[in-house]
Amino acid sequence: MKDFDAVLRNRLVVREEAGLLRALRQAVAPIDFTSNDYIGLARSPALFAAIEQKLNQIPSPLNGATGSRLLSGNAPYTEAVEATLARIFFGDAALIFQSGYAANVSVLSAMPQRGDTILCDELVHASIKDGMRLSLAKHHNFRHNDLQDLEERLQRATGQVFIVVESIYSMDGDTCPLEPLVALAERYGAFIILDEAHSTGVMGEGGSGLAVALGMHDKIAVRIYTFGKAMGIHGACVVGTHSVVEYLVNFARPFIYTTALPPHSIAAIDCAFAYMQEHGAPLQQALRDTIGYFVQQVQDLPHVSGNNSAIQTALYPGNAYVRQVAREWQAAGLDVRPILSPTVPAGAERMRICLHTFNTREEIDLLARCLRVLPAAGP
Ligand SMILES: Cc1ncc(COP(=O)(O)O)c(C=O)c1O
């Protein structure tokens, strides 16, 4: 036992010496520029009350699902909520997962087969990368949002080709060029898998995401929506044809071999989307206003992304430098975290800033002042 501990300790020391040791922390400062609660649903008392009320209305309530969806863990309520999700996301069918991580690992590990090729944007989320590692298909990155590089790879790809992209990228906050991407995929007979984690809730009617907002949902083979970000709750769903859902029920190991979500989570999903049907448009507008105000304050700063999403970045190259910036901002009252390499490529270390409907103008002014104070080009 002691020896095993020493092995683990050695590896942790290596991490620590590289300045990369992770640790669980509470909020580091009072002003939230870190959470994914973009439109404030996680902290909404009205949504909390709606979920509580719904839980009391569920016929024959249970504390837990009691088993996998394929055994005792299925319920009419879960299927009814999936039917609602399918309607919201304009799909034939939807399948709920415990998390976006489980959904992505499921889709990527189960769908592409030996002999197939997965081409994914180099900046896709770790859950997509982990799913690809479990797949027997070949997989290659293409340069971020670079359709020319993608096309060159499409020309060389063998078997059925899957293109994997995100609607809004989690580290850069930029948007995937979905319309030309769909045209390119169609030319090469490739299927698109689209992760809508950061657009669920913030875009599209009722929070239905980018593909629906652009009317392109029918052109995407598989869409993944997550509920732990703008929806303020937890879980995810995969949307596609009935065959997509039936296939996952049969082949997706993270779906099959795990206890289903409890009724509480299903009620939360139900209520969060009902809430969005009613309040989604003004919340999305409030977020656009916050983003617009932030961009206005920082438009002369070349190290700040200033894009049109809730995720903004400010580059401070070098792990030591970006950590120093984070400490100073945190001391000023901002809950912000540095993104270090190798999570992002060396030289692209950055402060990641999440904007919210509840961030006041004064808070954004303070953030803008912090962005101005420190030198932008290296320590
Ligand atoms: C693009 C993307 N996909 C998937 C996930 C995973 O979603 P979840 O937190 O629901 O597991 C995340 C979360 O960080 C993400 O950013």
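Residue-wise test of (1) more than 19 Å from Thr117 (Cβ to Cβ); (2) more than 15 Å from the ligand (Cβ to nearest atom); (3) touching a Leu at 6+ places or on another chain (Cβ under 8 Å).
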{"position": "Asp149", "(1), (2), (3)": "no, yes, no"}
{"position": "Arg153", "(1), (2), (3)": "no, yes, yes"}
{"position": "Gly209", "(1), (2), (3)": "yes, no, no"}
{"position": "Asp218", "(1), (2), (3)": "yes, yes, no"}
{"position": "Thr226", "(1), (2), (3)": "yes, no, no"}
So Ile168, is it more than 30 Å from Thr34 (Cβ to Cβ), under 19 Å from the mean Cα position of the chain (by Cα) and within 16 Å of the ligand (Cβ to nearest atom): no
Is it true that some residue in region 295-311 is touching a residue at least 60 places away in the same chain (Cβ under 8 Å), of a type outside the set (D, E, K, R) and part of a helix (DSSP H, G or I)? yes
Do the conditions hold for Gly206, that is, is it of a type in the set (Gly, Ala, Ser), assigned by TED's automatic domain parsing to the domain that holds Asp130 and surrounded by fewer than 18 Cβ atoms within 10 Å (Cβ to Cβ)? no
Pairs please, first residue from region 94-113 and farther than 15 Å from Ile233 by Cβ and in contact (Cβ under 8 Å) with a residue 12 or more places away in the chain, second anywhere and away from the ligand (no atom under 11 Å from the Cβ) and among the acidic types (Asp, Glu), Cβ atoms under 6 Å, 6+ apart in sequence or on different chains. Ala94/Glu82
In region 82-106, how many residues are surrounded by 24 or more Cβ atoms within 10 Å (Cβ to Cβ), away from the ligand (no atom under 11 Å from the Cβ) and farther than 13 Å from Ile269 by Cβ? 2
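For every residue, the table says whether it meets (1) outside any helix (DSSP H, G or I); (2) not aliphatic (A, V, I, L, M).
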| position | (1), (2) |
| --- | --- |
| Ser35 | yes, yes |
| Tyr38 | yes, yes |
| Ile51 | no, no |
| Asn56 | no, yes |
| Gly67 | yes, yes |
| Leu85 | no, no |
| Leu123 | yes, no |
| Ile128 | no, no |
| Gly131 | no, yes |
Might you check whether a residue that is without any contact (Cβ under 8 Å) to a residue 24 or more places away in the chain and away from the ligand (no atom under 12 Å from the Cβ) occurs anywhere in region 232-241? no
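Evaluate the following for Lys138: is it of a type in the set (Lys, Arg), under 30 Å from Pro177 (Cβ atoms), within 15 Å of the ligand (Cβ to nearest atom) and surrounded by fewer than 22 Cβ atoms within 10 Å (Cβ to Cβ)? Give the steps one after another, and end with the answer.
Details: of a type in the set (Lys, Arg): yes; under 30 Å from Pro177 (Cβ atoms): yes; within 15 Å of the ligand (Cβ to nearest atom): no; surrounded by fewer than 22 Cβ atoms within 10 Å (Cβ to Cβ): yes.
Here the answer is no, as Lys138 does not meet what is asked.
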When both residues are 6+ apart or on different chains and their Cβ atoms are under 9 Å apart, which pairs have a first residue that lies in region 26-46 and is exposed (fewer than 15 other Cβ atoms within 10 Å of the Cβ), and a second that is part of a helix (DSSP H, G or I) and modelled with pLDDT of 95 or more? Ala46/Tyr275; Ala46/His279
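Within the group Ala211, Ala197, Ala260, which residue is under 20 Å from Phe162 (Cβ atoms) and part of a loop (DSSP other than H, G, I, E, B)? Can you show your working first?
Numbers: Ala211 fails: part of a loop (DSSP other than H, G, I, E, B); Ala260 fails: under 20 Å from Phe162 (Cβ atoms).
Going through Ala211, Ala197, Ala260 in turn, the sole match is Ala197.
The values are calculated or read from the model by the stated rules, or taken from the named source; none is laboratory data. If you're wondering where the values come from, they're calculated on a predicted model, not measured in any experiment. Heads up, the Cβs are rebuilt from the backbone with ideal geometry, glycines too, and the neighbour counts pull from every protein chain shown.
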